[in-house]
Amino acid sequence: MVEERMSKLDATTASRTIDLQKEWTESPEHPQNWPDRTRWTIALVIAFTGFLSTADSSVFVADIPIVQARYHTSKEIATLTFSLYLVGLGCGPFVFAPLSELYGRQRAYVVSMIGFTLMNLGCCFVDSLSGIIVLRFLAGFFGSSGPGLGVATISDLFRPHERGGPIAIYGIGPMLGPVVGSLLGGWLVLLSWRWPMRLMTIIIGINTVCVIAFMRETSGPVLEREWLARRLQDEDGEKGEPEAIVSSAVPQITFHELVIRTFTRPPRLLANPVCAIFSSYYAPLLYARHDVSTGLFTYNWPAGTAGLAYIPLGIGFVGSAITAALTQDRIYRYLSERNRNDGIPEYRLVIGMVIFPVGLFIFGWTAQAETHWILPMIGSVVFSYGLMLCFNSLQTYISDAFYPYGAAAMAGATMLRSATGAIMPIFAPIMYRNLGIAIPPG
């Protein structure tokens, strides 16, 4: 009798779960059904957060020679103020990604941004090299929510056939950040070596207020559990049935499972070759270009003027983001329609893969020959245009291929990308001095 009653309850629960899951996907409370204004407001706030996270990495580059002289240390040690920031940027998503899946994206962003603001504020006042290095690492750690959770948040808000444009717009932030940060740092350091961090602290503080004011919870599983609990609390049923339905529809993970996810899922996802290429290949190319513009390739320009060499990179990034926003979803829909409306993530990987090597050749060989400065700048535009197309295509691919675990996939990708990006500034100057400007890019 008891077994028959339990079997009936299980069948009822399973049927009710399916009905409620369908009702949830059509509910106006589902993030993908929110008004466009709400979804785009959140997407733009997150894009600016990602921009600030990477801009804060490079804004300190102009301070490295001053730090070296002020604290009587080597250039390699002074460069740790930049490199360890990137290491922190790679470590942070391993904490914030699983926490966002358990407790929600909103809490992860708020905690992250408050910590990000405080660590940068500390950098404005501390007067020891070890203190600066530690605070820079922690600033990168807390500032990692933008690059680490951004794509997952976009996936929460937009359906697969809608994601190309939003991810392209979001992608401008993390890629344009190092360019703008280097440009600003080159001019602000003329006022004081503290001013790059002061300005970033002010802007990051304003953005933290925007995150608190405009960011809403977007995590599908978290919102679905809350919606199901409200939906079922007034309904009659067997004791324990509502809880069984909620647990069946959206299983709640334990703390032990959370720890396992934190340290195993991102490394497993990195075994995917696309994640590995995305993580370890493109960031070194971008950060290796920074040393050329700031140190070796200046055409005898003053420090501030030399920073203007980053503008072509920004032009290419913005232009390619516009191209991706206009074409990615169209290409995805076109290929899906040709294959019986069966859309697969690989449809995102068809543009941009052959453009940026051409830009590297143009830049490297014209700079080596000391031609007119406009020619290397043209190479920079072509390089950044192609690089950004690859970046957007692969970000959207990861978002589609690993949904709903996009945050974990991006955590692994961000970690490896930041690690390789952190290494480049240490040995890139030696490489350029020994090989010249033409051979490394080529």
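Every number here is computed from the coordinates shown, using simple stated rules; none is lab data. Note that the structure is a prediction, hence the values are computed from the model and not measured. Positions of Cβ are backbone-derived with ideal geometry, glycine not excepted, and every protein chain shown enters the neighbour counts.
The figures follow:
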{"item": "Among 111-124, 176-189, the order from most to least packed when residues are scored by Cβ within 10 Å on average", "result": "176-189, 111-124"}
{"item": "Residue-wise HN-Hα coupling along the range 380-388, computed from phi with Karplus coefficients 6.51, -1.76, 1.60 (Hz; x: Gly, Pro)", "result": "5, 4, 4, 4, 5, 4, x, 4, 5"}
{"item": "Neighbour-count order for Met215, Met175, fewest beta carbons within 10 angstrom listed first", "result": "Met215, Met175"}
{"item": "Backbone HN-Hα couplings from phi across the range 152-164 [Karplus 6.51/-1.76/1.60, Hz, Gly and Pro as x]", "result": "5, 5, 4, 5, 4, 8, 10, 6, x, 6, 9, 7, x"}
{"item": "Difference of contour (0.36 nm per residue) and Cα-Cα distance, Glu226 to Ile202", "result": "5.1 nm"}
{"item": "Separation in nanometres of the label points that stand 7 Å from Cα toward Cβ, at Thr38 and Tyr103", "result": "2.4"}
{"item": "Residues with amide H under 5 Å from that of Ser219, placed H, sequence gap 5 or more", "result": "Arg105, Gln106"}
{"item": "Total formal charge among the other residues, if their Cβ is under 12 angstrom from that of Ser145, Lys/Arg +1 and Asp/Glu -1", "result": "+2"}
